[in-house]
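Reading through the structure tokens given below for one structure.
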Amino acid sequence: MKAHMHIPIIILSLIFGTVFLADIAKAADSTKIAIIDLQQCLNESMEGKRAKKVLEAKNAKLKLRLDAAQGELDKLQSEIEKQGMVLSAEVLQEKERDLRKKQRELKDMVRDFNDEMKEEENTMKLEIFKDLDAVLQKVAKDGGWDIILEKRTVLYSVPGNDITGKVIEAYDAQTAKKGQ
């Protein structure tokens, strides 16, 4: 008799479970998911290209300073090698101390150079991503997209779901308006 009492509960559970699963499937069918490649946005947008040129110019300028310091170091090294036998021990030691000091300075300069370039690059990327976020929100709203995922986190997607080109186009249009 107790077994008969459980049958209505089981039937009700199956009915509610089926309805619940149907609602989940319906929601999944109506969710629009888009993909974006943020690295491509950085590389191909007008603002990304401009930032890259600024970084390359700064890099070239700093590299000239590094090359000059390396040239001084090489010159001193060569001088020590050529004149090492004829210099007094005192003068030789002083030149070697000077060489080690310049080597440390160059090493510090390289580290500072790399830190400065990374900081500058990160600052520019943050500015671009901040602007891209507003554009991305608009493109998503206009396209009816519910979720946008970064391409590198997705294993597979339908090519038609990639909105990178649309975002770059909208971002470039926004950048051009600001520049006028």
(message) As an exercise: evaluate Glu116 against (1) without any contact (Cβ under 8 Å) to a residue 60 or more places away in the chain; (2) of a type outside the set (Gly, Ala, Ser); (3) outside any helix (DSSP H, G or I) and give the number of the one condition it does not meet.
(response) (3)
(request) Search segment 135-163 for residues being touching a residue at least 40 places away in the same chain (Cβ under 8 Å) and in a helix (DSSP H, G or I), and hand back the single one that is nearest to Asp74 (Cα to Cα). (result) Arg152
(message) From the list Gln83, Gln137, exactly one residue is among the polar types (S, T, N, Q) and more than 21 Å from Glu44 (Cβ to Cβ). Which is it?
(response) Gln83
(request) Look at Leu76 and say whether it is of a type outside the set (D, E, K, R) and in a helix (DSSP H, G or I). (result) yes
(message) Just to be sure before I move on: is Asp108 closer than 30 Å to Arg65 by Cα and loosely packed, with under 13 Cβ neighbours inside 10 Å in the structure I sent?
(response) yes
(message) For segment 125-160, give me each residue that is crowded, with 16+ Cβ neighbours inside 10 Å and touching a strand residue (DSSP E or B) at 6+ places or on another chain (Cβ under 7 Å).
(response) Leu136, Ala140, Trp145, Ile148
(message) Whether any residue in segment 26-45 is of a type in the set (A, V, I, L, M), out of contact with any helix residue (DSSP H, G or I) (no Cβ under 8 Å at 6 or more places or on another chain), under 25 Å from Ile163 (Cα atoms) and modelled with pLDDT under 80 is what I want to check.
(response) yes
(message) Condition check: at pLDDT 90 or above, in contact with an Asp or Glu (Cβ under 8 Å, 6 or more places away or on another chain) and not acidic (Asp, Glu). Does Ile128 satisfy that?
(response) yes
(message) Any residue at all in segment 84-96 that's at pLDDT 90 or above and part of a helix (DSSP H, G or I)?
(response) no
(message) Among the residues of segment 67-101, what is the count of those that are farther than 22 Å from Phe113 by Cα, hydrophobic (A, V, I, L, M, F, W, C) and surrounded by 10 or more Cβ atoms within 10 Å (Cβ to Cβ)?
(response) 5
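The values are calculated or read from the model by the stated rules, or taken from the named source; none is laboratory data. None of these values were measured; they are calculated from a predicted model. Cβ atoms come from the backbone with ideal geometry, glycine included; neighbour counts cover every protein chain shown.
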